[in-house]
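Report on the structure given below.
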Amino acid sequence: MRGGFPVASSVGLAVLLFLIAPFAALAFATGWRQFHFISGDFAAVFVSVFYSLVALPIIALFGTPLAWWLARGTLRGKWLIEAAVLLPLLTPPLALGILLASLYGPYGPVGALLEKVGLLLTNTAPAFVLAQIYGAMPYYVITARAAFESVPRELEDIGLTLGKERWQVFLAISLPMARLGVAAGLALAWVRALGEFGIVLIIAYFPHGIPVKLWVNLEDSGLSAVYPLLWLFFLVALPLPLWLGIASRRRGIF
Amino acid sequence: MEIDYRLERPLRIEARLTVAGFTVLAGASGEGKTSLLKAIAGLLPAEGEPYRGWPPQRRPVGYLPQGYGLFPHLRAWENVAFALPERSGRREAALALMVRLGIAGLAERFPDALSGGQQQRVALARALGRAPELLLLDEPTSALDPATRDAVFSELVEEIRRIGLPTLAVTHDVHLAGMADRMALMAGRRIVQEGTPREVFAAPVDGRAARLLGYRNLLNGVIETIVGGYATVAIEGVRLRASAPAWGEAGQRVGIAIRSEDVALGSSGAEPEGCNALALRLVEVREEGLSLRVAAHGSIALDILLPRSSPTDGVAAGMSATALIRPEHVHLFRVAE
């Protein structure tokens, strides 16, 4: 083997096999002869993809300023804000779902208020998107923040001395230079949003997204009903992160 | 242009100096020269004129940091176009600037495909796009190849002279100041001396300035007499003749600075009229490039640099010799009484 790291490369290979083994198992376990989707599968794919596409721009739009602020802000007690961003990430999804239910649910303070203006945040489309945002946004913020921190401050300073306003410097220098990390953050947020189960289970069991539908299929019809939807899940979840990963390594994606 | 700035953070710095033409501010590392430039550009909080209280994006300065700070994700012409207004003809305007600096051929390259000197030109063109009234250069030679450093730097100085933009360059390399129109010395986080390079190099105001300027022989003495434009200075029992400074008077304590290369070795009795002659023993002789660096002890200790154009045959440690120093090469400066 090239490189002369026999221990590292053989351990690396073993770990690689370990990591992809479940995916190989799926290929064997799938009953290809009886491969068929059951009622509601495609609806679930639509729900997952459509609402993730709604959640992702919201996450980017509001998460980017926060990530930027965390990277560049110089205020006292910043660690508190950092902890606040980490909190939803560190909370088990199921627990977070319960917290959201008690805040946005019909008997929660915010939920009761919103219900008066006709916005119901339990088992509705907005509830589904809300669950996705809570599940995915911290991942985006933390990744994008690290990306912004890696941009040399000096280059932003020069942008200012060249007569540009801060927002222009952000768009022309910070964002393009941080594009690898920001793209990684978006990819991560996308798969988190699509795969969100714990929070969704509590506050947005309906409409069924793919994860909940997988669970329902497993309960109602057994494993054979799960595999086809699982294939579909990979098919819709993976292209975007893969494309972002590859494209952002080239210049000029933004 | 008069610069008068005071900083509290990250260092306490006070700097008042005149920028006229290409001005070099020299000082040791850690003097806060970079902080001063950033303060003038508005990137560090400071009190001072010009541009008091203006945000960096309003200040008409062109700031070139160490390493030039080109935007790595933009092509050379896009870097140059950065400060130009967003309208059609932006690319043409950037190319025109690049033509002016002789770098039009590099327009499509990314910064990592440019040499240090080319990057410097692109950064200069980019700064000119902002139409600055003052140019700030931080260690302009630090990213240049040592072999071509002086040539590239003097071309830069010529270019800037041609453009006619007042420029303040800071460096720890006092040698660069020799090519400037004006220079200033920073020591103890203040400006201790300024003037033309000729004035400053010839008459350091104090020991720190002298050391910065490359004087290796720094002594203390007292002026005994001043006769006919020459002062006789007593140093630990030795007497040296020096050009008398305007401020000098008999009985005054003074500092004495002598450049190593201004000391020649000769034999006693053969010195030219009026030249100082000191009997010394050579303690250490070592090669320094093509020259010889000699440490000599006698009544006073001297560091001597013998160029290869001087007779160096037979110069060896242990031998006795006479050090010859012309009075105009013995520089006196005031010391605190």
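The values are calculated or read from the model by the stated rules, or taken from the named source; none is laboratory data. Everything quoted here is computed from the prediction, not taken from an experiment. Cβ sites come from the backbone with ideal geometry, for glycine too, and all protein chains shown count toward neighbours. Just so you know, the surface numbers come from the protein's heavy atoms only, side chains and all, with ligands and any DNA or RNA stripped out. Shrake-Rupley method; radii C 1.70, N 1.55, O 1.52, S 1.80 Å.
Observations on the structure shown:
- Among the candidates B:ARG211, B:ARG239, B:ARG259, B:ARG216, the residue that is without any contact (Cβ under 8 Å) to a residue 24 or more places away in the chain and within 29 Å of the chain's Cα centre (by Cα) is uniquely B:ARG211.
- From the options B:PRO166, B:PRO140, B:PRO146, residue that is modelled with pLDDT of 95 or more and out of contact with any His (no Cβ under 6 Å at 6 or more places or on another chain): B:PRO166
- Flag for A:ILE98 being out of contact with any Lys or Arg (no Cβ under 8 Å at 6 or more places or on another chain), of a type in the set (Val, Ile, Thr) and surrounded by 11 or more Cβ atoms within 10 Å (Cβ to Cβ): yes
- When B:ILE235, B:ILE226 are screened for being on the phi < 0 side of the Ramachandran plot and open to solvent by less than 50 Å² (accessible area, probe 1.4 Å), only B:ILE235 passes.
- For segment A:1-37, a residue qualifies if it is open to solvent by 80 Å² or more (accessible area, probe 1.4 Å), in a loop (DSSP other than H, G, I, E, B) and either of a type in the set (A, V, I, L, M, F, W, C) or modelled with pLDDT of 95 or more (or both), and the qualifying residues are A:MET1, A:PHE5, A:TRP32.
- Count of segment A:150-169 residues which are β-branched (Val, Ile, Thr) and more than 9 Å from chain B (Cβ to nearest Cβ): 1
- The set of residues in segment A:233-254 being at pLDDT 90 or above, part of a helix (DSSP H, G or I) and more than 30 Å from A:LEU120 (Cα to Cα) consists of A:PHE234, A:LEU235, A:PRO239.
- Residue count, segment B:27-54 (criterion: within 11 Å of another protein chain (Cβ to nearest Cβ) and part of a loop (DSSP other than H, G, I, E, B)): 4
- Considering segment A:166-208, the qualifying helices (runs of 4 or more DSSP H), each wholly inside and each with 3 or more residues that are without any contact (Cβ under 8 Å) to a residue 60 or more places away in the chain, run over A:166-169, A:179-195.
- Among the residues listed as A:TYR107, A:TYR139, the single one being free of Cβ contacts under 8 Å to residues at least 24 places away in the same chain and open to solvent by 30 Å² or more (accessible area, probe 1.4 Å): A:TYR107
- Selection status of A:ALA147, within 14 Å of chain B (Cβ to nearest Cβ) and either on the phi < 0 side of the Ramachandran plot or part of a helix (DSSP H, G or I) (or both): yes
- Some residue of segment A:84-93 being at pLDDT 95 or above, over 17 Å from A:LEU194 (Cβ atoms) and among the hydrophobic types (A, V, I, L, M, F, W, C): no
- Qualifying residue in segment A:163-170 (condition: of a type in the set (S, T, N, Q) and buried (at least 20 other Cβ atoms within 10 Å of the Cβ)): no
- Every residue from segment B:189-208 that is part of a loop (DSSP other than H, G, I, E, B), more than 15 Å from B:ARG334 (Cβ to Cβ) and touching a residue at least 40 places away in the same chain (Cβ under 8 Å): B:ARG189
- Count of segment A:38-74 residues which are touching a His at 6+ places or on another chain (Cβ under 8 Å) and either open to solvent by 60 Å² or more (accessible area, probe 1.4 Å) or assigned to a helix (DSSP H, G or I) (or both): 3
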